[in-house]
Amino acid sequence: MLEQTQNVRNDDIDIVKLFGTLRRNALLIGISVALTGGLTYFISKQQAPQYEAVSSVIAVKTDNGNSVINNTLVSAPPLPQGAVDKAIHSRTVVNNIITALEQSNLSASEKQLIIDDLNEELSRNSFSRLEVRAKLDVYLAGVYEITASAGSPQAASVLANAATQALLDWDVARGTARLKRAKSSLQQQLSAFDADIKRAQPGSIEQQTFISARANVYQNLAQIEVFEKAATGTLSLVSEAEDPSVPVSPRPVRNAALATLLALFLATGFALVSDALRKRIESDEDLTVYGVPVLGKLPKLNTKTLQRGIIESARSGMLYEAVGFLRVSLMSYTEGNKGARRLVVSSSRSGEGKSSVTAALAEGLASSGLKVLIIDLDLHRPTQHKVWSQIKPLGWHAMPGADNDTTTPARDVQTALINPKAAQALQVSQGIDMLPAGIPQRSAAHVINNAKLPELLDRWEKAYDVVLLDSPPILALADALTVSRFTQGILMVVEAHQTTSANVEATLKNIRTAGCHLVGFVLNKVTSRKDGYYYYYYSYRPEAEKVRKQS
């Protein structure tokens, strides 16, 4: 029975693992980045061009040190930080801008579009048509740049110049505001003195007093009118806006590049985070926590070695040595068994290489003088016939209890169950017989649950030292659990760097629930440099429907 286990966490950052994660997700990351960049470029190209024109004004100190000039000029007080930006987006200034636009040579549609935008921005208190950039010193003196955006170069420059002039008029109005109030007050005093003079006795001292006072008020009013004409603001025009030659947007290449970088960052982060959340089996240490022995570790073969085929690779080189260790561990673990060692070879999911491991293990067992029978019970996606396809078979022969002479031989699991007397196995190599699965089936219940299967396994194993049953993945189908009741247990193949801890734990739970025995793990496709391994890869691909149609 399986022991309850706890996961062991390792918080160290493994650079090799990170690069491995990125390599596994390279296609998804590449597609995401390419689509994002391409769509951004396409959408940007469809956008209408926008132009920006810039005019500038300068804010200077009004006190120039000349008392004569200072006493004869009236100027507006200095503008605090942010005042210009608030002013240019005020209703008063915007109305003046709109008036200037209406008098411009722009088309009626372009005028209306800009005017509508300005009014809408005021209502939303969010502005994009006009922007102010200030470059001021500590004395609030410096340059203000007014940037206007529009759909054409002419509209952008007209809007910028209209905004600048409206801003200058507003600034001058600040300087004359006090003078206008003083002028209004003096004019009221004049009117009052005129009335007093009329009421007074002609030639009287009272009338003369009123006349003298009125003269002083009139003199002050004259001075106010002079000051009003000479009043200035704190802002002066530096440069008018010119028609821009190139649009500022859209910029398809820049936008696509930024979107591509952002997509690359997000896709990479998503891949790393999702991989971290799905803890994978990286080494045998990750399997030992489950209380089940790791009987062997098989390397991943490079492409050149794979071209020779799994069987040839298992006869020499690193795979041969690794299979040798697996064979010794397996034989030691099952030592003392009466009769043949009968094992189910399975995995958590497809693609982990269980069929390749079965064939390589059979070759290793046969090389030590043992006679091995492989039965392909993966009736949904049979693979053993592919694994041995590069090896020239030695011929068919009758299985134990079958007749040598038969006109209708049963040369697969399905027909052998129907007609055991005609059952024949294919000798694929010296000391290795293989009973293929036959035509792929959508449902294998009629075979796996066949009452004859346990009896036939007992009969067939009499001529062999080891019987290996290649079964479907445990998380996909219950076939392996069903068949394991007639065997010594399950040999579970785990693909390093791909199979998650959750997959293994779910598989162990299924095995425990079914009351089956797990003999041990085989860690497959190991690439860890510290172990000196390189992996081989063998696909587990569905072809049931294709084969069924061909038949």
Within 23 Å of residue 327 (Cβ to Cβ), assigned to a loop (DSSP other than H, G, I, E, B) and among the small types (Gly, Ala, Ser): which single residue out of 438, 369 fits that description?
369
Could you please find all residues in region 339-360 being in a helix (DSSP H, G or I), hydrophobic (A, V, I, L, M, F, W, C) and under 12 Å from residue 469 (Cα atoms)?
357, 359
Select the helices (runs of 4 or more DSSP H) contained entirely in region 1-83, then report the ones holding at least 3 residues which are surrounded by 11 or more Cβ atoms within 10 Å (Cβ to Cβ) and modelled with pLDDT of 80 or more.
26-46
Do we have any residue at all in region 424-442 that's surrounded by fewer than 22 Cβ atoms within 10 Å (Cβ to Cβ) and free of Cβ contacts under 8 Å to residues at least 24 places away in the same chain?
no
Scanning region 151-170 for residues that are out of contact with any helix residue (DSSP H, G or I) (no Cβ under 6 Å at 6 or more places or on another chain) and closer than 17 Å to residue 246 by Cβ gives 151, 152, 153, 154, 156, 157, 160
Got a sec? Which helices (runs of 4 or more DSSP H) wholly within region 181-297 have at least 3 residues that are crowded, with 16+ Cβ neighbours inside 10 Å and within 28 Å of the chain's Cα centre (by Cα)?
252-277
Quick check on this structure: which one of 332, 389 is modelled with pLDDT under 90, assigned to a helix (DSSP H, G or I), out of contact with any Ser or Thr (no Cβ under 7 Å at 6 or more places or on another chain) and closer than 21 Å to residue 524 by Cβ?
332
Residue check for residue 176: surrounded by fewer than 16 Cβ atoms within 10 Å (Cβ to Cβ) and over 60 Å from the mean Cα position of the chain (by Cα)
no
How many residues, within region 302-324, are under 22 Å from residue 499 (Cα atoms) and either assigned to a helix (DSSP H, G or I) or in contact with a strand residue (DSSP E or B) (Cβ under 9 Å, 6 or more places away or on another chain) (or both)?
6
Failed item in (1) over 48 Å from the mean Cα position of the chain (by Cα); (2) surrounded by 15 or more Cβ atoms within 10 Å (Cβ to Cβ); (3) free of Cβ contacts under 8 Å to residues at least 60 places away in the same chain; (4) under 22 Å from residue 479 (Cα atoms), with residue 414 passing the rest:
(1)
Given the conditions (1) part of a helix (DSSP H, G or I); (2) free of Cβ contacts under 8 Å to residues at least 40 places away in the same chain; (3) farther than 26 Å from residue 524 by Cβ, which single one is not true for residue 481?
(3)
Cβ-Cβ under 7 Å pairs, at least 6 apart or on other chains, region 203-214 side more than 14 Å from residue 190 (Cα to Cα), far side modelled with pLDDT of 80 or more and among the aromatic types (Phe, Trp, Tyr):
none
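The values are calculated or read from the model by the stated rules, or taken from the named source; none is laboratory data. Remember, predicted model here, so these are calculated numbers, not experimental data. Cβ sites come from the backbone with ideal geometry, for glycine too, and all protein chains shown count toward neighbours.
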